[in-house]
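What follows is a short report on a single structure.
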Amino acid sequence: GMGMAVLDDEEDETVPGQQKAYVEELPEDEEVVNILTDMETMALEDLVAFLSHRSRLVRKGAVAAAAGLSGTKAGRVVLIEKKPDALTTLIGMIGNKDCEEDALVALCNFCEEEEAVINISKLGAGPKIMQKILDDSEGGSNLDAASKLLANVSRVAHGRRELIGYVSDGTGEERKKQMKELIGVFEKSLSKAGDPLAPLALFFENVASEPQGAKLLCDDEEGFALASIAKGLAGSHEHRKIGAAGAVKNCCFQTELHCLIAGHREIAALLALPLVGPADQYDEEDKDGMYSGLASKCRIGGKFSESAELRRMIYEAMKLLCRSQDGRNYLRDSKLYPVLREVHKFEEAFELPDEHHIELLEEIVEQVMLLDEPEVD
């Protein structure tokens, strides 16, 4: 599965989620495994050496072969174990028009291996891909693969911190500027054919799992980027929806950010959009006081999201907001109760209802709608 919102067994405390790798996994058929087993060590060493060959055609053929091999676990393992290291050479191919496409495919596939994704991050792939996306955003090639690789690199702490600009190498201000630009090109990508930068939503989700990253996305002086990312919940692109829900959820971990989030009524309304069902479930009184976009969605009617993962992330985000008085007041003022009431019926109607979902919804309703806030002197 794409999302990785992890739950602690002991206390049901949610912890910030990181997005899982993208990988073009090929069937692990015996033929492939046998070919790899039979390949002389020398042949693989030649392949890695050919990645740096002076002939353009040889390099091109070698990177295509590496991309193919990286599609299976056995292929990834043998390539990772080879010296010299193929990863450094593949990262060096970012920006090379002949080899970049296959190099990005191979690197994305390598990210399925935990050790490899850490190495790819430590070899400086993150800033390089970020720069490529910014340079090529107006119509360059391989933007989809580059976005996926950036999402993968941000799964590991080193990758996230380097990209947010909190590694003490003096690049902090530069990285913050790039992050701001990245959010701008991410917004513009919506109007481009195929929305090539949609996977960046998963990158922003991962960034938000770092406290500094969450602060960066919720900084009103910098334009409150979280609102722009959260718009993904109103669209139809799965990556944008999951990444948006995950980014909001991860920001909600920081209770000190609840007052900033509460300054943006649209965030709560966007969280509720995928939970809106058929129009006949909401009467006029239900829509009274709702954010206008949410009220009109209830008027037209929607379809409860079929993604259990997305629904769970939204419930978890709302539950995290219940941790503070600012958050509870915000949810109460957002008039979400009619939406929660109907999605609760939807969750209960499954042949095998997800007890955790039902529990989350009931806790949110209880904490937000039914408990009076204590009088504060």
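The three principal axes of the C-alpha atoms in region 184-322 carry coordinate ranges of 42, 38, 27 Å, sorted with the longest axis first. Among the listed pairs K122/K231; K73/K148; K148/K335, a Cα-Cα separation exceeding 27 Å is found for K122/K231; K148/K335. Loop-located trypsin sites (Lys or Arg not before Pro) in region 161-270 (DSSP state not H, G, I, E or B) with no more than 16 neighbouring Cβ atoms inside 10 Å: K192.
Label-to-label distance for E174 and A43 is 4.3 nm, based on points extended 7 Å past Cα in the beta-carbon direction. Relative contact order of region 100-176: what whole-number percent is it, with Cα pairs under 8 angstrom and at least 6 residues apart? RCO, region 100-176: 32 percent.
Of the peptides 327-333, 201-207, the ranking by mean beta-carbon count within 10 Å, highest at the top, reads 201-207, 327-333.
When only Cα pairs below 8 angstrom with a gap of at least 6 residues are kept, the chain shows a relative contact order of 12 percent. A simple charge model with +1 on the Cβ of Lys and Arg, -1 on the Cβ of Asp and Glu and nothing else charged puts the dipole of the chain at about 1800 debye relative to its Cα centre. All other residues whose Cβ lies under 11 angstrom from that of R265 are scored, Lys and Arg at +1 and Asp and Glu at -1, for a net of -1. Taking each of K97/K192; K60/K177; K215/K303 in turn, the alpha-carbon distance tops 26 angstrom for K60/K177; K215/K303. Accessible surface for K60 stands near 90 Å², nearest 10, in the context of the full protein assembly shown (1.4 Å probe). Working from label points 7 Å from Cα in the Cα-to-Cβ sense, the D219 to D98 distance is 4.1 nm. Surface composition of the chain: carbon plus sulfur atoms hold 51% of the accessible area, using a 1.4 angstrom probe and ignoring ligands, DNA and RNA. Applying a DSSP loop filter and a limit of 12 other Cβ atoms within 10 Å to the GluC sites (Glu not before Pro) in region 278-332 leaves E306. Projecting the Cα atoms of N329, A244, I129 onto the charge dipole of the chain, computed from C-beta unit charges around the Cα centre, puts I129 farthest toward the positive end.
Placing K73, K297, K122 in order of accessible area, with the largest value first and a 1.4 Å probe, yields K122, K73, K297. Close amide H pairs (under 5 Å, H built 1.01 Å from N) link G277 with G302, residues at least 5 positions away or on another chain. About its Cα centre, region 50-102 has a charge dipole of approximately 160 debye under the convention of +1 per Lys or Arg Cβ and -1 per Asp or Glu Cβ, with nothing else charged.
A Förster radius of 41 Å combined with the Cβ-Cβ distance from F350 to L123 puts the calculated FRET efficiency at roughly 0.35.
Normalising the average separation of contacting C-alpha pairs (under 8 angstrom, six or more residues apart) by the number of residues puts the relative contact order of region 61-144 at 28 percent.
The values are calculated or read from the model by the stated rules, or taken from the named source; none is laboratory data. Remember, predicted model here, so these are calculated numbers, not experimental data. Quick reminder, even Gly has a Cβ in these numbers, built from the backbone with ideal geometry, and neighbours come from all protein chains shown. To get the accessible areas, we keep the full protein, side chains included, count just its heavy atoms, and leave off ligands, DNA and RNA. Shrake-Rupley method; radii C 1.70, N 1.55, O 1.52, S 1.80 Å.
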